[in-house]
RNA sequence: GCUGGGAUAGCGAAGUGGUCAAACGCAUCAGACUGUAAAUCUGCCGCCUCACGGCUUCGUAGGUUCGACUCCUACUCCCAGCA
């Protein structure tokens, strides 16, 4: 292993090709292939990117996808995914995958009961009660068999410092348990958690399609409180249980780009530079990606590009437009004349507007191709600009133009 | 021709004496969406006004009443059944 790479296990490593301040250009190596970074990871919550086939996702340039453990536990069940030899084999997606732990979803549900043991909540599908613990989340993620897992974390109940600190400390306690379980799962592949009310995973055996090692990222919390963020980053960076350390880190609980630069500077100076960092949930706006990459994040995921696409909000170099607006009904130009996506190469705004007004499924498909391409491609361009030392100019020009209308 | 039913805002459809510019749905117009309970949600949606507020409406014309979309009369049109 070179000085520029990190490999907790031979099957997972991160190579840094260039560092510019906190920003870096690198490659995450996984059993399902490489992810050149910075990279935008497509949100595939239920095992698909809404509105897109895997082929379409592939063709627009996506290098990775992120599914959600909470959703997959509820349906189709992680036992089934294990039986199918893992998520990639089940879905037909061939590229690297992440799974989120379910923490974020659970805390957005009503009537969540948090104890030191775990989170108890009701399924949003049928209301049945379910408990997820750090251990069971790890087990479920191993059954899903993604390349990169997130530690089971807690989001704060409010923005108050007190709640933020409670959530952070619980996240740290759970992080230790996640590491312990990770070590156990790696050596035994998977173990049983035979408590009747706790989500339980069945033992796996001889599942060659499931990666032999599945990386685990610890999740930094602390909200807007910089001292908490500092403590969280330091604690997780130094955490080691049973010889197991985090293979990378997620930065969670970020809901706005305001103040994100300062927070990321602080956190990413503390996190070990040779391990990858994923900015959880951010990427609805170009500035999120620029700021994230500039201050040391390697991967991003966000539901906004596809959600907004389904709702008719489309990205252009000159800001976001709502394709359903009356003025686009007879506009025969592409969404963005500078865009090279399939949709912009083949279709006009008028056609898209018509499909949206007619509630055709194809509207969401074509719009999702465009929006997902937009963020995936922008992140690739950021990577290129870091490589050829044009990042600052690129960033300034891009953001000035994108937000010009909003700065009037 | 007779009998019965009906005509409400762009469309559909509530309302059967005051609290009705008029429920609700759709459409229109606009906005929101950041680890997806989201192909969802919010607002607007007769005219004037930034707004307070004002004005004109419920097939047409007239009447009863303090007051009518709601009651009466005539007319026009639509639907069903019977001839």
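We did not get these values from a lab; they are worked out from the coordinates using the rules stated. This one's a predicted model, so the numbers in the text were calculated from it and none came from an experiment. Cβ: placed from backbone, ideal geometry, glycine included. Neighbour counts: every protein chain shown.
Observations on the structure shown:
- Listed residues A:183, A:140, A:82, most fluctuating in chain A (Gaussian network, C-alpha, under 10 Å): A:183
- Here is the tail figure for region A:208-291: Cα pairs spaced more than 17 Å apart come to 48 percent of all pairs.
- Kirkwood-type radius of region A:310-407, with distances r between different C-alpha atoms, in Å: 14.1
- Helix axis angle, A:260-270 relative to chain A longest principal axis, alpha carbon, degrees: 40
- Ranked for footprinting exposure by Cβ neighbours inside 10 Å, fewest first, A:120, A:53, A:15 give A:53, A:120, A:15.
- Entry note, chain A: the mean residue ellipticity at 222 nm calculated from DSSP H runs of n ≥ 4, each adding -39500 (n - 2.57), is -11500 deg cm²/dmol after division by the residues and rounding to the nearest 500.
- Fewest neighbouring Cβ atoms within 10 Å first, the residues A:376, A:219, A:241 line up as A:241, A:376, A:219.
- For chain A, the Kirkwood hydrodynamic radius comes to 21.6 Å, computed from all pairs of different C-alpha atoms.
- GNM remark for chain A: springs join alpha carbons under 10 Å apart, and the peak mean-square fluctuation among A:141, A:75, A:182 falls on A:75.
- Ranking of A:217, A:12, A:98, A:107 by count of other Cβ atoms within 10 Å, fewest first: A:107, A:12, A:217, A:98
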